[in-house]
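Structure provided below as structure tokens; questions to follow.
Every number here is computed from the coordinates shown, using simple stated rules; none is lab data. Here the structure is a predicted model, which is why all the values come from computation and not from measurement. All Cβ positions, glycine included, derive from the backbone under ideal geometry; neighbour counts span all protein chains shown.
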Amino acid sequence: MNILVIGGDKRNVYLSELLKEKGDNVYSIGLNDSEKYGIEECIYESNYIVVPTPFSVDGTNVYMPLCDKRISLEYFFKLVKNKKIFGGNFSEKQNQILLDNKNEVYDFLKNKEFALNNVIPTVEGVIEIILKNINYTIDRSNIAIIGFGKIGKRAAVVLKSLGANIFCNDVSEEEVANIQFSGYNVIKSLRTKNNFDIILNTVPAKVIGKEELSYMDKKALIVDVASMPGGIDFKYAEENGYNVIHALGIPGKKAPLTVAKNMLNIVLNKIK
């Protein structure tokens, strides 16, 4: 098979190497390695194309952080027709353009197995971020987790095992019941005075705005792992001295090889 891996971070670098080990003919663009062919030839020769996750950060160019090269989305869309495309975090408009060009699009982030496999490296990355940014122990610290989804649940288990006092918030009545059943403290409202040392947000919607921040200690560490635009009013937080970290793409930074193996399984299964 002829497969093109274009742009992206170390996840795509490892994926390219894994595909080569499987015996496939792999072209690569923008992975900071030697490129024997131009993008036009690579796309023409390839039936399968793996693009970055996220596909684009600025909405203008393909996401290619490992090189100085730039490929505009407009030019990419012009070249890519009748291909099978793997990637992640496509906007609705980008997805529709690809479909209009008779491509088949597979979004890694919409694959349930992939999402579940991403939970562990995400939580491990969160622990690493916390430890690097506090001068006290996680043990006996008060930690608030906003959103009791897959990441929230896993983070609660791990942080509690390290001795933290866990407080959780969710808008779903079912998840509130799950919080109680799991033995964690329920945060009924983010607009009440609290003494949280660490706040972890997993909700990809603005749940911590100016008013919610006013109830939080400015010394608290606030970590947001939600996808863009995140769940915090970052501008207000920065202007008013809050300690906020927007930690995007943790799996790709923390465990790119593990994620690449998960991507490989999806690609091979779809090809089969």
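How far, in nm, would the chain grow between Val186 and Thr137 when pulled straight, counting 0.36 nm per residue and subtracting the alpha carbon separation?
Details: separation 49, 0.36 × 49 = 17.64 nm, distance 2.25 nm.
Value of the extension gain: 15.4 nm.
Using only the alpha-carbon atoms, how far is helix 112-132 inclined from the longest principal axis of the chain? Give it as 0 to 90 degrees, nearest 10.
In the chain, helix 112-132 runs at an angle near 50 degrees to the longest axis.
State whether the range 119-252 is rounded, prolate or oblate according to the following rule on the C-alpha gyration tensor (a ≥ b ≥ c being the square roots of its eigenvalues): a/c under 1.5 gives rounded; otherwise a/b larger than b/c gives prolate, and the remaining case gives oblate. Don't skip to the end; give the middle numbers.
Numbers: a/c = 1.25, a/b = 1.13, b/c = 1.10.
Rounded is the answer for the range 119-252, as its axis ratio a/c remains below 1.5.
How large is the dipole of the range 2-110 about the Cα centre if only Lys and Arg carry +1 and Asp and Glu carry -1, each at its Cβ, rounded to the nearest 20 debye? Before the final figure, lay out each step's value.
Details: 14 positive and 16 negative charges, 37 e Å.
In total the dipole reaches around 180 debye.
Tell me which trypsin sites (Lys or Arg not before Pro) from the range 180-223 have a DSSP coil assignment and no more than 10 other beta carbons within 10 Å of their own. Numbers along the way, then the final one.
Details: sites: Lys188, Arg191, Lys193, Lys206, Lys210, Lys218, Lys219; in loops: Lys188, Arg191, Lys193, Lys206, Lys218, Lys219.
Passing both the DSSP loop test and the Cβ count: Lys188, Lys193, Lys219.
How about the range 120-227: which chymotrypsin sites (Phe, Trp or Tyr not before Pro) there lie in a loop by DSSP and see at most 10 other Cβ atoms within 10 Å? Before the final figure, lay out the partial values.
On the way: sites: Tyr136, Phe148, Phe167, Phe181, Tyr184, Phe196, Tyr215; in loops: Tyr136, Phe148, Tyr184, Phe196, Tyr215.
When the chymotrypsin sites (Phe, Trp or Tyr not before Pro) of the range 120-227 are filtered for loop state and at most 10 Cβ neighbours within 10 Å, Tyr136 remain.
Still on this structure, please answer the following. Multiply the residue separation of Ser161 and Ala177 by 0.36 nm, subtract the distance between their alpha-carbon atoms, and state the gained length in nm to one decimal.
On the way: separation 16, 0.36 × 16 = 5.76 nm, distance 2.08 nm.
Working it through step by step, the gained length comes to 3.7 nm.
Would you please give the residues with an amide H less than 5 Å from that of Lys206, counting only those at least 5 places away or on a separate chain, with H modeled from the backbone geometry?
none
Nearest 10 degrees, 0 to 90: what angle lies between the long axis of helix 256-271 and the longest principal axis of the chain (Cα atoms)?
50
Please get the size of the charge dipole for the chain, origin at its Cα centre, with Cβ charges of +1 on Lys and Arg and -1 on Asp and Glu, quoted in debye to the nearest 20. Before the final figure, lay out the partial values.
Working: 34 positive and 32 negative charges, 71 e Å.
Magnitude of the dipole: close to 340 debye.
If I model a spin label as a point 7 Å beyond the Cα along the Cα-Cβ vector, how far apart are those points for Phe77 and Lys218 in nm?
4.5
For the chain, what is the mean residue ellipticity at 222 nm derived from helices alone (per DSSP H run of n ≥ 4: -39500 (n - 2.57); sum divided by total residues; nearest 500 deg cm²/dmol)? Show your work: numbers first, answer last.
Numbers: 11 runs with 109 residues, N = 272.
That calculation yields -11500 deg cm²/dmol at 222 nm.
In the calculated pair distance distribution of the range 2-110, what percentage of Cα-Cα distances lie above 21 Å? Each step should come with its number before you reach the end.
Values: 1479 of 5886 pairs.
Result: 25 percent of Cα pairs exceed 21 Å.
Follow-up question, since we're still on this one. If I build a Gaussian network model for the chain, linking alpha-carbon pairs within less than 10 angstrom, which residue out of Met64, Met216, Met228 has the largest mean-square fluctuation?
Met228
Okay, moving on. I'd like the orientation of helix 150-161 relative to the chain: the angle between its Cα long axis and the longest Cα principal axis, in ° from 0 to 90, rounded to 10.
The helix 150-161 is inclined about 50 degrees to the chain.
Nearest-5 percent of antiparallel DSSP beta bridges in the range 2-110? If you can, show how the numbers build up before the last one.
Working: 1 of 16 bridges.
Of all bridge pairs located within the range 2-110, approximately 5 percent are antiparallel.
With the dipole of the range 35-192 worked out from charges on the C-beta (+1 for Lys and Arg, -1 for Asp and Glu) around the Cα centre, which of Gly149, Gly183, Cys168 lies farthest toward the positive end?
It is Gly183.
To continue, here is another question. Given the options Ile49, Ile232, Ile39, which has the most mean-square fluctuation in a GNM of the chain, springs set between C-alpha atoms less than 10 angstrom apart?
In this elastic network of the chain, the residue with the biggest mean-square fluctuation among Ile49, Ile232, Ile39 is Ile39.
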